[in-house]
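What follows is a set of notes on a single structure, which appears directly below.
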Amino acid sequence: MLGKYAAQAHEISESVPASVKCHMLRHSKAIHLLQAGVNLIYIRDFLRHTDIKTTEVYARADTELKRKALENAYPDLVDSDLPDWNNNTDLMSWLLVIKPVSLQITMQSESDRNAVVSSLSCIYFA
């Protein structure tokens, strides 16, 4: 049933993967809970993991959370006047052209896509 609706959504928007698995929804929910500040112990219980080490995978995977932690630890190092790369149509067109197939496969969440776009933006303007 999930595959049927994912295929229909993919026809409407390329941002929806052609194939969606139940575990992708589980992973997304865990990442969203983590980004919302929910304690890892509660996420472990929600996911019914027996070992916290299994749940820690989500904490290691969230680059946005890492970025925010670094910004909080070193507020003087972060420039508040960073440009909004989303409004740069030349950059976005270039990123769409060079996007490797492997990124299409591995990027399953919005935070993954944002991290890749930020990384590629730095390369483009270096």
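Applying 1/(1 + (r/R0)^6) with r as the Cβ-Cβ distance of VAL97 and HIS10 and R0 = 22 angstrom yields a FRET efficiency of 0.55.
Longer than 24 Å from Cα to Cα, which of LYS21/LYS66; LYS29/LYS53; LYS29/LYS66 are they? Say none if no pair is.
Values: LYS21/LYS66 26 Å; LYS29/LYS53 18 Å; LYS29/LYS66 18 Å.
Going by Cα-Cα distance, LYS21/LYS66 fall outside the 24 Å limit.
Counting 0.36 nm for each residue step from THR63 to ARG48 and taking away their Cα separation leaves a gain of 3.0 nm. Phi angles of region 57-67 translate, via the Karplus equation with coefficients 6.51, -1.76, 1.60 and θ = phi - 60°, into HN-Hα couplings of 4, 5, 5, 6, 7, 8, 5, 5, 5, 4, 4 Hz per residue; Gly and Pro are given as x. Normalising the Debye intensity of region 1-61 to I(0), with uniform scatterers on Cα atoms only, and taking log10 at q = 0.13, 0.14, 0.20, 0.23 Å⁻¹ returns -0.43, -0.49, -0.76, -0.85. Normalised by the number of residues in region 1-61, the average gap of Cα pairs under 8 Å and 6 or more apart makes the relative contact order 24 percent.
If you take all other residues with their beta carbon under 14 Å from the beta carbon of ILE43, and give Lys and Arg +1 and Asp and Glu -1, the sum is +2.
Here, each number is a calculation from the coordinates, and none is a lab measurement. On a predicted model such as this, the values are computed, not experimentally measured, just so you know. Positions of Cβ are backbone-derived with ideal geometry, glycine not excepted, and every protein chain shown enters the neighbour counts.
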